[in-house]
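Since the structure comes first, as structure tokens, the remarks are kept for the end.
The values are calculated or read from the model by the stated rules, or taken from the named source; none is laboratory data. Predicted model, so just to flag it, every value in this text is computed and none were measured. Virtual Cβ from ideal backbone geometry, glycine too; neighbours counted across all protein chains shown. For the accessible areas, the whole protein counts, side chains as well, though only heavy atoms, and no ligand, DNA or RNA atoms are used. Shrake-Rupley method; radii C 1.70, N 1.55, O 1.52, S 1.80 Å.
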Amino acid sequence: MGILLLTLAVWVVFERSGYTLLSLVSSVLLLLTIILFLWARSAAILNRPAPPLPELYLSEEMVNDAATFIRTQVNELLSVSQDVAMGKDSRLFFQVAALLGLISIVGGLTDFLTLGYTSLVIVLAVPALYERYEDSVDSYCMMGYRKMQQLCVKFNRNCVNSVQNWILEMRKLS
């Protein structure tokens, strides 16, 4: 609940102020740099210890591990992209197209901050609500599943079969 309230407060502040995440991060880093600079200068003048900063160092092994991980993920993505673009997996193509279309529609309706907050609320609230009302949710899902099966059978019977019959008639006439 605390995470939800904190993110709600952050979201309200960003929405009302018109401040963007990039400008906030930039301002915070600028303030931190100024504070550390003034602390180090005043420490040298007053013979006090400098600000305690951890040693910022990346080992070659850490960089190589990260690069290897990123390379393998990008190569896998490129391989799947090539399969989709070359028409090797039409099912995956339709899944990618539907997902990108959905992202485009949602992206056009909202900004990134609102989308992030809404996603966080959904990720935190839906599992808790499902645990609480699991039995009723499962029964409603089963009812919905049965209704969808009935609709699919009816659709197949009425539309798909008539289109198939029409195609067969057209082939016979040709």
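Residues that are of a type in the set (A, V, I, L, M, F, W, C), open to solvent by 90 Å² or more (accessible area, probe 1.4 Å) and over 30 Å from L120 (Cα atoms): does the stretch 9-31 have at least one?
In the first step, residues of the stretch 9-31 are kept if they are of a type in the set (A, V, I, L, M, F, W, C); the result is 9-14, 21-22, 24-25, 28-31.
If we keep only those that are open to solvent by 90 Å² or more (accessible area, probe 1.4 Å) as well, we get 13, 21-22, 29-31.
With the extra rule that they be over 30 Å from L120 (Cα atoms), the set shrinks to none.
For the stretch 9-31, residues of a type in the set (A, V, I, L, M, F, W, C), open to solvent by 90 Å² or more (accessible area, probe 1.4 Å) and over 30 Å from L120 (Cα atoms): absent.
Which of the residues belonging to the stretch 119-141 are open to solvent by 90 Å² or more (accessible area, probe 1.4 Å) and assigned to a helix (DSSP H, G or I)? If you could, list the steps in order and put the result at the bottom.
Taking the stretch 119-141 and keeping what is open to solvent by 90 Å² or more (accessible area, probe 1.4 Å), we get 122-123, 129, 131-133, 135, 140.
Those that are open to solvent by 90 Å² or more (accessible area, probe 1.4 Å) and assigned to a helix (DSSP H, G or I): I122, V123, L129, E131, R132, D135, Y140.
Determine whether L46 is farther than 21 Å from T114 by Cα and exposed (fewer than 10 other Cβ atoms within 10 Å of the Cβ). Against the criterion (farther than 21 Å from T114 by Cα and exposed (fewer than 10 other Cβ atoms within 10 Å of the Cβ)), L46 qualifies.
V106 fulfils the conditions (1) surrounded by fewer than 11 Cβ atoms within 10 Å (Cβ to Cβ); (2) without any contact (Cβ under 8 Å) to a residue 60 or more places away in the chain; (3) within 30 Å of Y19 (Cβ to Cβ) except for a single criterion, (1).
One residue stands out among those in the stretch 75-95 that are of a type in the set (A, V, I, L, M) and open to solvent by 70 Å² or more (accessible area, probe 1.4 Å): the one that is farthest from F37 (Cα to Cα), which is M86.
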